[in-house]
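Asker: Structure in structure tokens, see below.
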4 protein chains.
Amino acid sequence: MRPCIAVAGPGQASAREAELARQVGGLLARRGAVVVCGGLGGVMEACAQGARDADGMVVGLLPGRDRGAGNRHLSVAVATGLGELRNGILVNTCDALIAVGGGWGTLSEVALALRAGKTVALLDGWALPDAPSATAAGHGPIRVATPAEAVEVVLPPA
Amino acid sequence: MRPCIAVAGPGQASAREAELARQVGGLLARRGAVVVCGGLGGVMEACAQGARDADGMVVGLLPGRDRGAGNRHLSVAVATGLGELRNGILVNTCDALIAVGGGWGTLSEVALALRAGKTVALLDGWALPDAPSATAAGHGPIRVATPAEAVEVVLPPA
Amino acid sequence: MRPCIAVAGPGQASAREAELARQVGGLLARRGAVVVCGGLGGVMEACAQGARDADGMVVGLLPGRDRGAGNRHLSVAVATGLGELRNGILVNTCDALIAVGGGWGTLSEVALALRAGKTVALLDGWALPDAPSATAAGHGPIRVATPAEAVEVVLPPA
Amino acid sequence: MRPCIAVAGPGQASAREAELARQVGGLLARRGAVVVCGGLGGVMEACAQGARDADGMVVGLLPGRDRGAGNRHLSVAVATGLGELRNGILVNTCDALIAVGGGWGTLSEVALALRAGKTVALLDGWALPDAPSATAAGHGPIRVATPAEAVEVVLPPA
């Protein structure tokens, strides 16, 4: 089974975030991973474009019930109808997650992935402090500086 | 319609977190709010106990399909069967959220509530930095020092 | 823990369906059961009214994100934001289900409850044939003629 | 955007049901449709095999959180973690649904699809009576006799 890596980030991205996301998508596709994202614009669209330009497979998990809302680079659009709860399906289905930039929605995906014990790489994104509850301790996210480093974190060499 | 306030926090709480949560639950109940929580132990149980001791109504949104897993202070237990995605229903149904302490699960609730534009008070919890994406800007959480202050933030005087 | 019985039925009910639902709600409340329903009008509202008139507890699981959409007889409204998928939470959280009348939405609740192995009483509702797949066999719904009979099916005497 | 057709049916299928599902999957793929199914065995596996043998795209929406539980013919497996509520995502994301045989789980998908106003073809499956509530009336499922007829119903010629 091919690895499945989620790429999360804001629906309105800066030029730098979009370029980073595009590179992440391309590197993941060339490593043979399926890319899963939220299916809309910004970072979601840029990572999809990067993966498709590298002949990869990209799944978009849309918040609404209209598949037509997905960006044009998706291989498959799933219209969940769950609103922001679709972030949780993104997390359930991925092996690991890369966040590029990010607002509150992206942070919810980072937190849910860490809650589920999955590896999370943060690229140009949230500088999270340690969890405040000692009892809630556990592994944390890994800050990375480049798309290549992000992909190494989530897809370690065999 | 009575206000509905979510109280979020780790399932294994320190004595201090439990005491803060108990006070928050009691204050909310005395102000006439319905308390909604994740239904399990730790902060979830302590806020439920505080609310019930003040004759309040407490709804527990459980992750599994067994209502029996809920703590004994709940007025109503809803067995969602959604796993951690039940955090999203907590956020959908509340008017505002108070987080006491917190690990990754709590952070996901804080992030989803801010994403939805709801007021969030952080008591002894996450010291969140600003969102990294300018385009994702918007309102942030409000750090508070006491249970009374938390309740003032989410239930402003009429 | 008090039993939790779901009452399902169309949002636009005939006078007869509404009267049956009102009686079902009242009988369930007097037997000490928590009533859970979809929170809107028609059968959902009538069963809630019957339960509240008997000082019972009624939980409404709403499809949208607006608690204000719930009918005025609910003790608690949960705004799931899941659309029709909230029918699955109704089924997850109940011990057994009574359907009064019904359209396609009600049938989905009946089917999910039977899929989950829960007892289902049909009052003035779907006359379901046997499942077409022998391999999918299993228990079926129980057709009843009166509210009292419906309640006996889902809450057998101790 | 390519059409997206859901194929529903029991996880333990008779030889006849599996053969019908295989043919349905093949015909859908040759008509250019994306096939979406529940991702497990029986009818779900047979329709996936038929579609993949015709070089089609098949998405499996799994109930659990383990992508490895999907059958080996899926192009993409999404691990929803929603249990039977994943049936509702199947319905949200499809343009129309074909049910082959069926137990209670399949019936829930048929009912949710009709509730959402989508076209439903029943092949060797439920012989549903009319909805009991006049107020809940509306369009019903279409019984078909062959895989080709099922595909004509859900993918009318342009």
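Asker: Give the relative contact order (percent, whole number) for chain C; include only Cα pairs under 8 Å separated by 6+ residues.
Answerer: Relative CO of chain C lands at 23 percent.
Asker: Evaluate the protein assembly as shown: find the radius of gyration of its Cα atoms, find its Kirkwood radius, and give the ratio Rg to Rh.
Answerer: 0.98
Asker: Kindly provide log₁₀ I(q)/I(0) values, in the same order as q = 0.20, 0.21 Å⁻¹, from the Debye equation applied to equal alpha-carbon scatterers of the stretch D:96-158.
Answerer: Listed by q, the Debye log ratios stand at -0.75, -0.81.
Asker: Give me the percent of accessible area attributable to carbon and sulfur for the protein assembly as shown, probe 1.4 angstrom.
Answerer: Its accessible area is 49 percent carbon and sulfur atoms.
Asker: Would you tell me the mean number of C-beta atoms belonging to other protein chains that fall within 10 Å of each C-beta in B:89-100, as a whole number?
Answerer: 4
Asker: If a/c stays under 1.5 just call it rounded; otherwise compare a/b with b/c (prolate if a/b is bigger, oblate if not). Do that for the stretch A:1-40, with a ≥ b ≥ c from the square roots of the Cα gyration tensor eigenvalues.
Answerer: oblate
Asker: When you look at the Cβ of every residue in A:7-19, what mean number of other chain Cβ atoms sits within 10 Å?
Answerer: 2
Asker: With springs connecting C-alpha atoms under 10 Å apart, model chain A as a Gaussian network and identify which of A:ALA79, A:ALA48, A:ALA131 has the largest mean-square fluctuation.
Answerer: A:ALA131
Asker: Could you give the size of the charge dipole of the stretch B:30-110 about its Cα centre, using +1 on the Cβ of each K and R and -1 on the Cβ of each D and E, expressed in debye and rounded to the nearest 20?
Answerer: Rounded to the nearest 20 debye, it is 140 debye.
Asker: What percentages make up the Cα-Cα pair-distance distribution of the stretch C:39-113 when the bins are 10 Å wide from 0?
Answerer: The calculated distribution, bin by bin, is 20, 55, 25, 0.
Asker: Is it possible to state the helix-based mean residue ellipticity at 222 nm for chain A, with each DSSP H run of 4+ residues giving -39500 (n - 2.57), the sum divided by total residues, to the nearest 500 deg cm²/dmol? What is it?
Answerer: Value at 222 nm, helices only, nearest 500: -10500 deg cm²/dmol.
Asker: What size of dipole, in debye to the nearest 20, comes out for the protein assembly as shown about its Cα centre when the only charges are +1 on Lys and Arg C-beta atoms and -1 on Asp and Glu C-beta atoms?
Answerer: Charge dipole, the protein assembly as shown, about its Cα centre: 0 debye, nearest 20.
Asker: Where the label is 7 Å out from Cα toward Cβ, how close does A:ALA54 come to the same position in every other copy, in nm, shortest first?
Answerer: 3.3, 5.4, 6.3
Asker: Which one of D:ALA51, D:ALA145, D:ALA21 has the biggest mean-square fluctuation once chain D is modelled by GNM with Cα springs under 10 Å?
Answerer: Comparing D:ALA51, D:ALA145, D:ALA21 in a Gaussian network model of chain D, the most mobile one is D:ALA145.
Asker: Each residue of the stretch C:48-62 in turn: what ³J(HN,Hα) in whole Hz from Karplus with 6.51, -1.76, 1.60 and θ = phi - 60°, glycine and Pro shown as x?
Answerer: Listing the rounded values in order: 5, 4, x, 5, 5, 5, 9, 6, x, 9, 10, 9, x, 9, 7 Hz.
Asker: As a test of understanding, state the convex hull volume per residue of the stretch A:1-92 from its alpha carbons, in Å³.
Answerer: Spelled out: Cα convex hull of the stretch A:1-92, divided by residues, is 76 Å³.
Asker: Sticking with this structure for a sec: Could you give the size of the charge dipole of chain D about its Cα centre, using +1 on the Cβ of each K and R and -1 on the Cβ of each D and E, expressed in debye and rounded to the nearest 20?
Answerer: 320
Asker: Shifting gears a bit: Quick one: divide the alpha-carbon radius of gyration of the stretch A:58-98 by 2.2 N^0.38 Å and tell me what you get.
Answerer: The stretch A:58-98 yields a ratio of 1.11.
Asker: For the protein assembly as shown, what does the accessible surface come to per residue with a 1.4 Å probe? Please give it in Å².
Answerer: Value for the protein assembly as shown: 34 Å² per residue.
Asker: Say a label goes 7 Å from Cα toward Cβ at C:ILE142 in every copy; what distances in nm does this one have to the rest, shortest first?
Answerer: Ordered by increasing distance: 4.0, 5.2, 5.6 nm.
Asker: Between B:THR146 and D:ARG16, what is the FRET efficiency for a Förster distance of 60 Å, r being their Cβ-Cβ separation, to the nearest 0.05?
Answerer: 0.30
Asker: Give me, ordered by chain and number, the residues 5 or more places off A:GLY39 or on other chains with an amide H under 5 Å from its own placed amide H.
Answerer: A:LEU61
Asker: For C:71-79, what's the mean count of beta carbons from other chains sitting within 10 Å of each residue's beta carbon?
Answerer: Across C:71-79, the average partner-chain Cβ count within 10 Å equals 5.
Asker: Follow-up question, since we're still on this one. Just to be sure I understand: if I project the alpha-carbon convex hull of the stretch C:5-158 onto a plane and average over all orientations, what area do I get in nm²?
Answerer: 8.4
Asker: Continuing with this model, one more query. Top mean-square fluctuation among B:ALA116, B:ALA54, B:ALA18, Gaussian network model of chain B, C-alpha springs under 10 Å?
Answerer: Comparing B:ALA116, B:ALA54, B:ALA18 in a Gaussian network model of chain B, the most mobile one is B:ALA116.
Asker: Name the chain B residue with the Cβ nearest the axis that maps B onto D: which is it, and what is the distance in angstrom?
Answerer: B:LEU82, 3
Asker: How far, in nm to one decimal, is C:ARG16 from itself in the other copies if the label point is set 7 angstrom along Cα toward Cβ? Shortest first, please.
Answerer: 3.6, 6.6, 7.0
Asker: Please work out the FRET efficiency for the pair A:ARG30 and D:ARG2, using the Cβ-Cβ distance as r and a Förster radius of 35 Å; give the result to the nearest 0.05.
Answerer: 0.90
The values are calculated or read from the model by the stated rules, or taken from the named source; none is laboratory data. Everything numeric in this text was worked out from a predicted model, so none of it was measured. Backbone-built Cβ (ideal geometry, glycine too); neighbour counts: all protein chains shown. Accessible surface areas use protein heavy atoms only, side chains included; no ligands, DNA or RNA. Shrake-Rupley method; radii C 1.70, N 1.55, O 1.52, S 1.80 Å.
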